[in-house]
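Chemist: After the structure tokens below, expect a handful of questions from me.
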Amino acid sequence: MRVRVPRAVYGLLILYIAISLGYQLSGDVSLIVGYFDLRHQVHDFPFSVDEAVVTGVTGNPPPAGISPGDTVETLNGEPYTGRAVWQAVRWYAHPDDTLRVGIRKPDGSRGTVGIPLRGYSDKINPGDVIYIVVMEIIIPLLCLLVGYWVVLARPLDLNAWFILVILSYPEAFIAVSTFNCWPGFWLVLRLYWHMILQTIAPAALLWFGLLFPERSRIDVRLPWFKWLVTGIVAVGGVVGLFTEYANWYDRSFVADRLAIDAVDTSVLNWLYLICIVVYWVVIFDKLRTASTPDARRRLHVLFIGSSLGLGNPLIVWGILPRFGVDPAQVQWLGYCSAIFLVMFPLSLAYVVVVQRALDVKILLRMGTRYVLAKTTVFLIQFGLILLLVFRVALPLVRRHNDSGLLIVSAAMVFGIVIRLNFVKRSPGDRVREWLDRQFFREVYNTEHVLSELAVQARSISDPAALIQTISARISEVLHVPQMAVMLRSGDVFRLQAAGPGGIEGSIFLAEKSLPVQHLVRTSAPAVLYRDQPEVWFEEAGGHEKRALNELNAEVLLPLAGRNRLMGVMVLGPKLSEEPYSPGDLRLLASIGVQAGLGLEVNELAHSLADEAAKHQRVQREVEIAREVQQRLFPEIPIVAGLELTGHCRPALGVGGDYYDFIPLEDGRLAIAIGDVSGKGIAAALLMASLRASLRGIVDAGAHDLARIVRKLNRLVHEASTANRYATFFFAIYDPVERRLHYVNAGHNAPMVLRHGRAEAIRLEACGPVVGLLKDVEYEEACLEMAPGDLFIGYTDGISEAMTVDDEEWGEERLQATALSVFDLPVGEILERLFLGAEDFAAGAPQYDDMTLLILRVSGK
């Protein structure tokens, strides 16, 4: 579990930020006010502020009554006790004011002299302004912000606090503007913070060098050395605070303050030099003795950053002036020094915050690409704008004195810039590619191969070949000896394939495990460093940890489809033991996406093929069932005095509609029509059971139709589920007596049409549907049939045929159509009724089984 940071640590950081940032911002304001002469301040007059002795006399003519060597006793009547008195005078004075200076001559005589105060020149060099803003405002502020970030990232790491102190030191540079700061108590705080920084920053550098990233051999042998240096520095700092207070506020506070201050300053300077030298010595020593590759990479980064950040000011400002080169006059040299100075805080932050350090060459490449990506196009566009404005637009305007030309020229410039912004490959892209080929050939080849692989992954249809190809190429170009791929199998991800050096075996991760859930949530590669693990690994179960440890996992790459995770690729450490760079992870993420989509497409293709095969099998089974069901429907019997026909059209190939003609041995004819609830195979099976049950209980002696239907109801109820039932109409026609005995069990009422009559006789229900309730009573009814009567039995698929607007054909239209074709043969009547329902539906799909049964009593 992660260590909880005490509130006191954050409180200390907030206090440090308040003091250091307040110092920096107030110093920035003071610098701007003083440098740009916003308060119209005055020059110093030539006297030593520490010794209070006049060093020279200026003016034309020079003021009378004052000469070099005179001692300053008062300023504007205020006893001169230290620098703070002169600070207050300068703060409130303005040019051309007269300063009243009380002096004491070497012979002991005293007097007061009026000295006119001079202001500053209004001329400001823009180059100097930029340099001062960069060196004394931007860089110190950047260093502070980086230091805050390091401590926030590693609040319990002592090295992070050392870095914060070290990176606070550049703000001490703005102490040169202290003379412009407000007088009073605020000035005391600024003065002491400035001195504290100058004292503790070198000591922090020494401690950091001895302890990071691992303890130095020098510190192991001489552990007291750092304490001794720190103790002497601390004592010297305290002495300096007292002497500096005396210099500013009370010159009599410390006896022999100037001598003590000179000795203290000399001792501290030597100690500061020792701290810097020891820092460099231990860095060099650790480069040879680092115990781990990661520590060695951190030291390389620290060494390069320190060399560029700390070494270049020493060369530019310490060595070059001895050879006659003044960086203040050669501004580009100062700017280069400022740029390289930024490398030091960035390298300090990187080596402490990052989990695994990258090689310097990779960092250099990343930095180069970033700079080119952000600045190249801008500089090219800016240069082109200047070229067009000064070489084309302005000469045209001056030559023709035409404002219209100015508008046209501006539009042309704007159009070219817009065109540059939309080019497919910017100049920065081409420059980066050229740099990669020339100086980072190995990395360029790696990116090129992996980019091609990301595209190739989409075209490989075989999952095994896809995984094998991806694993082999990644292992080859990134030099990863151990890899494994876990693919989805239900709700777990099982080890399916292992690359070179991989492990075969029963290893899996559950879909709901924390590592898998982390990949699903982030959709990005997860890097696993066991010395600084993420929460998802710390809180994972024992099985997940054992699985990842057995695979020696360092990167978990999600193979994500569109809607779900298809697999996980597990990559072990590189042979070089270097961490995976951000570029590596971006390319791997691209490959993971393409591989995941490829797996998903392949799975979908197999699923579609399986579904197609299954569909074919089902269709064949349905076709067989349809053939069987068609055989269950009766052949039309020949019965004297009757014309018969019937037909069933299932909605799904097979259905639950049923009709039957059962000739009895005594010459009578049993007629049945029914509609089983539901459609498809289930309804067809119940329909077959209904037919078999009916034919099993109907015989030549069948006279009690109600008893037959009651028995049929019980059989259907026992053979079907609770939600299955059937509407059923059963009748027996006696051709001798021309009587139709029937029982209607909840079925659509058949209609009997008689010649010359528009109204139909409805054979309404005599009981509930069959199969729903176990014990039900039914009643038998009887109808006298006359020659020419037309009996029409139907299911609701006929009467409820619908249009796309859900309008039903209805029994009225069915009856009207039947009356219109009353005189036709029963076969043609059946066809006309089906056609009438189809025409009314107007192409709407058939949603229910449609069945018709027609019987006509002949006149013979």
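The values are calculated or read from the model by the stated rules, or taken from the named source; none is laboratory data. Everything quoted here is computed from the prediction, not taken from an experiment. Ideal geometry is used to build each Cβ from the backbone, glycine not excepted, and the neighbour counts take in all protein chains shown. We work out accessible area using only protein heavy atoms, side chains counted, and drop any ligands, DNA or RNA first. Shrake-Rupley method; radii C 1.70, N 1.55, O 1.52, S 1.80 Å.
Chemist: Under a Cβ-Cβ cut-off of 14 Å, what is the net charge of the residues other than Asp285 that fall near it, where Lys and Arg count +1 and Asp and Glu count -1?
Modeler: +4
Chemist: Pop out the ³J(HN,Hα) list for the stretch 232-239 in order, Karplus 6.51 cos²θ - 1.76 cosθ + 1.60 with θ = phi - 60°, rounded to Hz; leave Gly and Pro as x.
Modeler: My calculation for the stretch 232-239 gives 5, 4, 5, 5, x, x, 5, 4 Hz in order.
Chemist: Further question on the same structure: Hey, if you put +1 on the Cβ of every Lys and Arg and -1 on every Asp and Glu Cβ in the stretch 534-687, which of Pro558, Gly592, Gln619 ends up farthest toward the positive end of that dipole?
Modeler: Of the options given, the answer is Gln619.
Chemist: Turning to a different aspect of this structure: Report the Cα centroid-to-centroid distance between the stretch 664-721 and the stretch 551-586 in angstrom, as an integer.
Modeler: 67
Chemist: How are the alpha carbon pair distances in the stretch 1-114 distributed across 5 Å bins from zero to the largest one, expressed in percent?
Modeler: Histogramming the stretch 1-114 at 5 Å steps yields 2, 9, 15, 16, 13, 10, 7, 6, 5, 4, 4, 3, 2, 1, 1, 0 percent.
Chemist: Please list, ordered by chain and number, the residues whose modelled amide H lies under 5 Å from the amide H of Met850; skip anything fewer than 5 residues away on the same chain.
Modeler: The answer is Arg649, Ala651.
Chemist: Whose amide H sits under 5 Å from the amide H of Leu75, counting only residues 5 or more places off or on another chain, with H placed in the peptide plane?
Modeler: Sorted by chain and number, the residues that satisfy this are Tyr80, Gly102.
Chemist: Can I ask one more? So how compact is the stretch 764-856: Cα radius of gyration and Dmax in angstrom?
Modeler: Reported Rg and Dmax, both Å: 15.6, 43.
Chemist: Across the stretch 703-714, in residue order, what do the Karplus-derived ³J(HN,Hα) couplings come to in whole Hz, using 6.51 cos²θ - 1.76 cosθ + 1.60 with θ = phi - 60° and x for Gly and Pro?
Modeler: So the Karplus estimates, Gly and Pro as x, are 10, 8, 5, 4, 5, 4, 5, 4, 5, 4, 4, 5 Hz.
Chemist: Looking at Phe253, Pro293, Asn269, which one has the Cα that reaches farthest to the positive end of the dipole of the stretch 163-303 (charges on Cβ: Lys, Arg +1; Asp, Glu -1)?
Modeler: In the stretch 163-303, that residue is Pro293.
Chemist: Right, another one. Leaving ligands and nucleic acids out of the surface, order Cys766, Cys275, Cys782 by accessible area at 1.4 Å, largest first. Show your work: numbers first, answer last.
Modeler: Values: Cys766 30, Cys275 0, Cys782 65 Å².
Order by accessible area, largest first: Cys782, Cys766, Cys275.
Chemist: Please name which of Ser471, Gly490, Ala547 has its Cα lying farthest along the dipole of the stretch 464-599 towards the positive end, using unit charges on Cβ (Lys, Arg +1; Asp, Glu -1) and the Cα centre as origin.
Modeler: It is Gly490, whose Cα lies furthest towards the positive end.
Chemist: Could you please state, rounded to a whole Å, how far the C-alpha centre of the stretch 800-836 is from the C-alpha centre of the stretch 128-150?
Modeler: 93
Chemist: At a probe size of 1.4 Å, how large is the accessible area of His741, to the nearest 10 Å²?
Modeler: 50
Chemist: What does the charge count around Ile137 come to, taking other residues whose C-beta lies under 10 Å from its C-beta (Lys +1, Arg +1, Asp -1, Glu -1)?
Modeler: That sum, taken over residues with Cβ under 10 Å, equals -3.
Chemist: Which value, in debye to the nearest 20, gives the size of the charge dipole of the stretch 586-677 about its Cα centre, when Lys and Arg are +1 and Asp and Glu are -1 at the Cβ?
Modeler: Numbers: 8 positive and 14 negative charges, 91 e Å.
Charge dipole of the stretch 586-677: 440 debye, to the nearest 20.
Chemist: Per residue of the stretch 197-206, in order, report the coupling 6.51 cos²θ - 1.76 cosθ + 1.60 (Karplus, θ = phi - 60°) as ³J(HN,Hα) in whole Hz, putting x for Gly and Pro.
Modeler: Coupling constants for the stretch 197-206: 4, 4, 7, 8, 4, x, 5, 4, 4, 5 Hz.
Chemist: OK, next. Among residues other than Ala172 whose Cβ falls under 15 Å from its Cβ, what is the net charge (Lys/Arg +1, Asp/Glu -1)?
Modeler: On the way: positive: Arg190; negative: Asp28, Glu136, Glu171, Glu244.
In short, -3.
Chemist: Under a 5 Å amide H to amide H cut-off, with H placed in plane at 1.01 Å, what residues pair with Leu99 once short-range neighbours are removed?
Modeler: Ile115, Leu117
Chemist: A follow-up question, please. Put one equal scatterer on each alpha carbon of the stretch 705-771, apply the Debye formula with no solvent term, and list log10 I(q)/I(0) at q = 0.15, 0.16, 0.17, 0.26 1/Å to two decimals.
Modeler: For the stretch 705-771, the Cα-only Debye profile gives -0.56, -0.62, -0.67, -1.12.
Chemist: Then there's this: Run the accessible area of the stretch 177-321 with a 1.4 Å probe and give the carbon-and-sulfur part as a rounded percent. Before the final figure, lay out the partial values.
Modeler: Details: 5160 of 6860 Å².
The value for the stretch 177-321 is 75 percent carbon and sulfur by accessible area.
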